[in-house]
1. What residue, of SER62, SER24, SER28, SER111, is surrounded by fewer than 17 Cβ atoms within 10 Å (Cβ to Cβ), more than 23 Å from GLY361 (Cα to Cα), modelled with pLDDT of 95 or more and within 25 Å of the chain's Cα centre (by Cα)?
2. Just checking, which of ASP377, ASP367 is surrounded by 19 or more Cβ atoms within 10 Å (Cβ to Cβ), closer than 14 Å to GLY91 by Cβ and charged (D, E, K, R)?
3. The conditions are (1) over 30 Å from PRO167 (Cβ atoms); (2) part of a helix (DSSP H, G or I), and ALA241 fails exactly one of them. Which is it?
4. Is the stretch 349-359 home to any residue that is over 22 Å from ILE484 (Cα atoms) and of a type outside the set (Lys, Arg)?
5. Keeping to the stretch 352-373, report how many residues are in contact with a Ser or Thr (Cβ under 8 Å, 6 or more places away or on another chain) and part of a strand (DSSP E or B).
6. Can you tell which of PHE351, PHE309 is touching a residue at least 12 places away in the same chain (Cβ under 8 Å), farther than 26 Å from LYS429 by Cβ and not basic (Lys, Arg)?
7. Can you say whether PHE414 is crowded, with 24+ Cβ neighbours inside 10 Å, outside the structural domain of SER483 (by TED's automatic domain parsing) and not in a loop (DSSP other than H, G, I, E, B), as far as the supplied structure shows?
8. List the residue pairs whose Cβ atoms are under 8 Å apart, where the first residue sits in the stretch 431-459 and is in a strand (DSSP E or B), the second is surrounded by fewer than 23 Cβ atoms within 10 Å (Cβ to Cβ) and of a type in the set (Phe, Trp, Tyr), and the two are 6 or more positions apart or on different chains.
Amino acid sequence: MKKTLILPVICLLTFCSSPRTAPSTADSQIKNETFSLQGKKVIVYTTADSTAYRLTATDTLSFAAFGQPLESQPSIFVDPGHRFQSFLGIGGAFTDAAAETFAKLPADKQSEFLTACFDSVSGIGYTFARTPMNSCDFSSDMFTYVEDGDKELATFNIAHDEKFKIPLMKRALKIAGKLDLFVSSWSPPVWMKDNNDRLHGGKLKPEFYQTWANYYVKYINALEKAGIPVWGLTVQNEPMAKQIWESCMYTAEEERDFIKNFLGPTLHSSNLGSKKLVAWDHNRDLLYQRASTLLSDPEAAKYIWGIGFHWYEIWNGGRQYENVKRTAEAFPGTNLLLTEACNYPFSWDTFGQWKWGEQYGENMINDFNNGAVAWTDWNLLLDETGGPNHVKGFCFAPIHAKTQEGTLHYMNSFYYIGHFSKFIRPGAKRVISSSSRVQLLTTAFINPNGKLTVVVMNETKEKLTYRMYIGGQAVVTTSLPHSIQTLVVL
């Protein structure tokens, strides 16, 4: 069976729907769960280079009995009886750039974009989201929510967000039904910093630690008053990076002390103790060092729900997926999640290169297999320049708009993300999925409704026929060159 979809509508699947409650994610392994194959079939969805397949249903398979797997036969071995972390969600960021670009689209394209991202049946079903507090590089201008020198925060208001961001978030929320949104800061107001600059790093002055903690409370309460539920927050975006854009630096010890002496207690005393506090929010390279410093202090650790990370350590030579695993091994009660990722630098000349999607697939498979509970892309939408960005650091997003034409353009990264977000739903449990070939990357989850989802990715030029085994039963299918497949057992 081959069923090709017209962009950007995604295959219609009622079985993908599941409760969107935020599960308890830091679970211990559950062994010997039963999973029956009786009466089950497998539907295969494919996205592949040099084809028209984009989240396309390409086959329906039936299980058959097979004996001992052969050395010569590529195989994927799925074991639903061994279950690990609970899945929270996948999504992207409501930046000023995304919201401003969205506002420039004609009404029909706005609806198309919202459906593509947030509808779990006709789109890829995002359930997770991030938004900056104050301006970031992906804003058209620099701003904060208070007047200079207002230590009491009496002038605090979010009128800036009410123009573009909040209307977009409300429309997305209406389609998604529920979004777990977390807020992140790039920089405190200039008068709170020792370099007297929103940009170029600098540090929060100690005399403003409490004021800054109060600021988070003000922002969360303001968003919720505006009708936007807030799931959590991160302490500081990229706290070890002195950027040309909004930034603020904390050593591990400084972040620890800010959490345990100011931010954590202030959230709790303000009736916001249920909000999920995520620390680090920077690259995998220093992930273990930061996590161990924060979590080894019980007074800081009691406030920390999770540790967030980005993928930009590639600037230092390559991906360091093992650091996620090391952190999960050392601190099994702490949730790990990717909080930002994007491809760069932006160029329409390289828009169609297949590597952009493959970077997402490779990272997501490795992060989930190493214990991540959620995965958050960066800008949901950008314009034809890769912005707007007030420091001209233009990047890719999974969807771009040509605002002068009023058109939307989907990168292959959108479909790669969709192979996970559409089929793996909140509350799913990761299960074992093991590959006999390095050419085939794989991860698998079982959804709350009992449907098993297996993702298989092929980054090579080879066409590989493989068996997917569950116990002694298997189905046979083919992985096309430079492709990603989702196999749904139902």
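The values are calculated or read from the model by the stated rules, or taken from the named source; none is laboratory data. The model shown is predicted, which means the values in this text are computed figures rather than measured ones. Cβ: placed from backbone, ideal geometry, glycine included. Neighbour counts: every protein chain shown.
1. Numbers: SER62 fails: within 25 Å of the chain's Cα centre (by Cα); SER24 fails: modelled with pLDDT of 95 or more; SER28 fails: modelled with pLDDT of 95 or more.
Only one candidate passes the filter, namely SER111.
2. Working: ASP367 fails: closer than 14 Å to GLY91 by Cβ.
Exactly one residue qualifies, and that residue is ASP377.
3. Answer for ALA241: the failing condition is (2).
4. First, the residues of the stretch 349-359 that are over 22 Å from ILE484 (Cα atoms): 349.
Narrowing further to those that are of a type outside the set (Lys, Arg): 349.
There is at least one residue in the stretch 349-359 that is over 22 Å from ILE484 (Cα atoms) and of a type outside the set (Lys, Arg).
5. So the count comes out to 1.
6. Values: PHE309 fails: farther than 26 Å from LYS429 by Cβ.
Exactly one residue qualifies, and that residue is PHE351.
7. Values: crowded, with 24+ Cβ neighbours inside 10 Å: yes; outside the structural domain of SER483 (by TED's automatic domain parsing): yes; not in a loop (DSSP other than H, G, I, E, B): yes.
It is true that PHE414 is crowded, with 24+ Cβ neighbours inside 10 Å, outside the structural domain of SER483 (by TED's automatic domain parsing) and not in a loop (DSSP other than H, G, I, E, B).
8. If the second residue must be surrounded by fewer than 23 Cβ atoms within 10 Å (Cβ to Cβ) and of a type in the set (Phe, Trp, Tyr), the pairs left are VAL431/PHE84; ILE432/PHE77; SER433/PHE77; SER434/PHE77; SER435/PHE77; ILE446/PHE35; LEU452/PHE35.
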